[in-house]
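To start, the structure under review is shown below, and the notes come after it.
The values are calculated or read from the model by the stated rules, or taken from the named source; none is laboratory data. Every value quoted in this text rests on a predicted model; they were computed, and no experiment measured them. Methodologically, a virtual Cβ is constructed for each residue, glycine included, from the backbone with ideal geometry; neighbour enumeration extends over all protein chains shown. Quick note on the areas: whole protein, heavy atoms, side chains included, nothing else; ligands and nucleic acids left out. Shrake-Rupley method; radii C 1.70, N 1.55, O 1.52, S 1.80 Å.
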Amino acid sequence: MKQKTALIIGIAGQDGSYLAEFLLSKNYRVVGLMLNSIVLSSSLIAHLANKIAITYGDLLDMGSIMETIRSYQPDEIYNLAAQSSPGDSWRLAIETAEITGVGAQRVYEAVRCVKPDCRIYQASSSEMFGTPTMVPQNEHTPFEPVNPYGAAKLYAHSMAQIYSKSYNLFIACGILFNHESPRRGINFLTQKVAYGAACIKLGILNSPDLNEQGEPIVKNGTIALGNLDAKRDWGFAGDYVEAMWMMLQHKTPGTYVIGTGEIRTVRQLCEEAFHGVGLDWKKHVVADQRFIRLTETGTTVADATKAKSELGWSPRTSFADLVKMMVEHQINRIKKQQN
Ligand code: GDR
């Protein structure tokens, strides 16, 4: 069978790096598109550098996307690039619209013009549900985004349906709920908590890594967080990239909700992380108004029944194992830095 080529747009992010490893294990030729400001040797894909092809481009630059598709003739494209922080999306509202929203449309346009038989995976998000009236959410739950990020993702999601129907393109959308890993960016909640618990366990009471406000994430032995009552469905990113691939192997393009179906609060996350290293989270976590969002997303939890029945996908990693993996990774990382 002919070797397939996959283009991963946003390969240097958490999901891109796991997906690249997964596709290599499936014998794909993997091409990664990334921003030229990213330093490959210190990126999340440094260990894959001699196994993949790297090209530089930007979702803001239609020419770079078209040229990449023309040169590599991919069978599958995974669009994972975005301004991916809902919390930052008020401050970066226009950039979020341009990259996360219209950027995805540029990919659909480029495929339409250059290689219309190429299958596209679009990373949609549970943030499109905003304040959902139904809990849990499935593919029929109405969308009601509450931040610029959710609105931009919804634009990209709607355009995927329109391009699919109007031009007969194969565009599958995964509505992914929160997915985390040791490769998560430091300003996302789970990594902030994992890093904080690891520092305090190792006796570091003022950390070198800084939070969204430019202050040490651990300051005088405590970490400052926003809304401790927020509820989320947290899964492992490594499990979720397999669902992306499965969507593109299905006979027809569809939309699939991907999540664990388990709901936890920020407090429960803190408890799990600190308890795992023998600490009481209540002594080390403080609520700080500065991290509260202008509008908080409602209770998002996935009903992934369709993905299970149509694709055969289910999450494999438990919440406890995910948190343990992240805290242990941070402990090892900090110890290495100390040596
Ligand atoms: P989210 O992820 O916005 O859900 O988007 P994040 O980890 O930033 O927030 C999760 C929840 O934790 C609450 N929270 C805090 N969040 C951050 N970052 N920092 C804090 O100090 C803090 N305190 C409480 C937040 O209010 C929120 O409720 C992620 C991203 O990966 C998106 O790209 C993706 O689409 C969605 O998940 C599904």
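Descriptive notes on the structure:
- P(r), alpha carbons of region 271-339 - 5 Å bins starting at zero, rounded %: 3, 11, 11, 14, 18, 18, 12, 8, 4, 1
- Taken over region 1-150, the ratio of Cα radius of gyration to 2.2 N^0.38 Å equals 1.09.
- Amide H within-cut-off set for ASN187, under 5 Å, with H built and near neighbours excluded: none
- Amide H partners (placed H, <5 Å) of LEU35, local residues excluded: GLY57
- Within the accessible area of region 1-91 (1.4 Å probe), percent carbon and sulfur: 51 percent
- Around GLU272: net Lys/Arg minus Asp/Glu count, Cβ-Cβ under 9 Å: +1
- Solvent-free Debye scattering, log10 I(q)/I(0), computed from the Cα coordinates of region 223-303 at q = 0.17, 0.19 Å⁻¹: -0.82, -0.93
- Carbon + sulfur, % of accessible area of region 224-339 - ligands and nucleic acids excluded, 1.4 Å: 49 percent
- Beta bridges assigned by DSSP with both partners in the chain are antiparallel in approximately 15 percent of cases.
- Screening the chain for whole DSSP H helices with an alpha carbon extent of at least 24 angstrom along the helix axis and a mean Kyte-Doolittle hydropathy of at least -0.5 yields 148-167.
- Local electrostatic count at ILE45 - Lys and Arg +1, Asp and Glu -1, tallied over other residues with Cβ under 13 Å: 0
- Dividing the summed helix terms, -39500 (n - 2.57) for each DSSP H run of n ≥ 4, by the number of residues in the chain produces a 222 nm estimate of -11000 deg cm²/dmol to the nearest 500.
- Globularity index of the chain, i.e. its alpha-carbon radius of gyration over 2.2 N^0.38 Å: 0.98
- Charge sum, other residues only, whose C-beta stays under 10 Å from ASP75's C-beta, Lys/Arg counted +1 and Asp/Glu -1: +3
- Region 261-283 and region 83-161 have Cα centres separated by 30 Å.
- The residues of region 1-150 present an accessible area of 42 Å² per residue when probed at 1.4 Å with all protein chains retained.
- Under 17 Å of direct C-alpha separation, and excluding same-chain neighbours fewer than eight residues apart, LYS4 reaches these aspartates and glutamates: GLU21, ASP75, GLU76, ASP117, GLU242.
- Amide proton proximity set for ILE223, modelled H, under 5 Å, gap of 5+: VAL285, VAL286
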